[in-house]
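The values are calculated or read from the model by the stated rules, or taken from the named source; none is laboratory data. Bear in mind that the values here come from a model prediction, so they are computed numbers and not experimental data. Every residue, glycine as well, gets a Cβ built from its backbone with ideal geometry; the counts of neighbours run over all protein chains shown.
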Amino acid sequence: MTPPRRTFMIAALLPLLAVFLSGCVTHRDIVADNQYPTDYVIGAVYRTKQALVAERSDMSIFHIKYFFLSPKTWPTPSDVQAQPKQFSHNYLIIPAHTDFRIERFDYEKNMEAGYFVWIYGKVPGGTVEFNFSFVSRKAGRSSLEPDLRFEPDLLMVDTNILERIETK
């Protein structure tokens, strides 16, 4: 085998190795799938009723993603305010009365961690994406997966945290 061919073979196998090591994570959009009912509406605007903490989950040149933490978990907004230097790099406080437009739902099949429904939105006109799944009310489990260990939670709007104010 000549060195250029060996280099080509290694370059061709690297993406396969990355997929193998990632644990087989796949996503699909479930907006039109009535098997995963929710009262969230794509295009609707929801307003926060209380201050929330969002933790950065992903950042690249093209996008930044955060997920909202449940108000019952640490750190709370008062924790972040009391120690801003400790939390400033990865956490945001989202004040009450902040509007978000729901943009998409994803269904994640993760062979290592389980199956999840993710709900994403942005501040209208904004570019930073927020995941609403951990501040949503669990309304049971889907019975669609043959393996009961992997049934995703069906998520509904937690009206203690969000209120719907506008549709498309």
Residue selected from region 117-132 under the condition surrounded by fewer than 18 Cβ atoms within 10 Å (Cβ to Cβ) and small (Gly, Ala, Ser), by the criterion farthest from the chain's Cα centre (by Cα):
GLY125
Pairs with Cβ under 9 Å, 6+ apart, first in region 40-61 and on the phi > 0 side of the Ramachandran plot, second of a type in the set (S, T, N, Q) and assigned to a loop (DSSP other than H, G, I, E, B)
GLY43/THR167
Within region 62-70, does at least one residue satisfy the condition of being over 15 Å from the mean Cα position of the chain (by Cα), in contact (Cβ under 8 Å) with a residue 60 or more places away in the chain and surrounded by 13 or more Cβ atoms within 10 Å (Cβ to Cβ)?
no
Assuming GLY114 fulfils every condition listed in (1) surrounded by fewer than 12 Cβ atoms within 10 Å (Cβ to Cβ); (2) at positive phi; (3) among the small types (Gly, Ala, Ser) apart from one, which condition is it?
(1)
Need the failing condition index for MET111 against (1) closer than 21 Å to ILE61 by Cα; (2) in contact with a Cys (Cβ under 8 Å, 6 or more places away or on another chain), just the number.
(1)
If a residue must be outside any loop (DSSP other than H, G, I, E, B) and either out of contact with any helix residue (DSSP H, G or I) (no Cβ under 6 Å at 6 or more places or on another chain) or over 16 Å from ALA51 (Cα atoms) (or both), how many such residues does region 79-130 contain?
31
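Please find, among PRO75, PRO15, the residue that is modelled with pLDDT under 95, of a type outside the set (Asp, Glu) and assigned to a loop (DSSP other than H, G, I, E, B). Please lay out each step first, then the result.
Working: PRO15 fails: assigned to a loop (DSSP other than H, G, I, E, B).
None of the other options fit; the residue is PRO75.
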Of those in region 108-159 that are small (Gly, Ala, Ser) and in contact with a strand residue (DSSP E or B) (Cβ under 7 Å, 6 or more places away or on another chain), the residue modelled with the lowest pLDDT is SER142
Restricting attention to region 44-59, report how many residues are closer than 11 Å to ILE165 by Cα and modelled with pLDDT under 95.
1
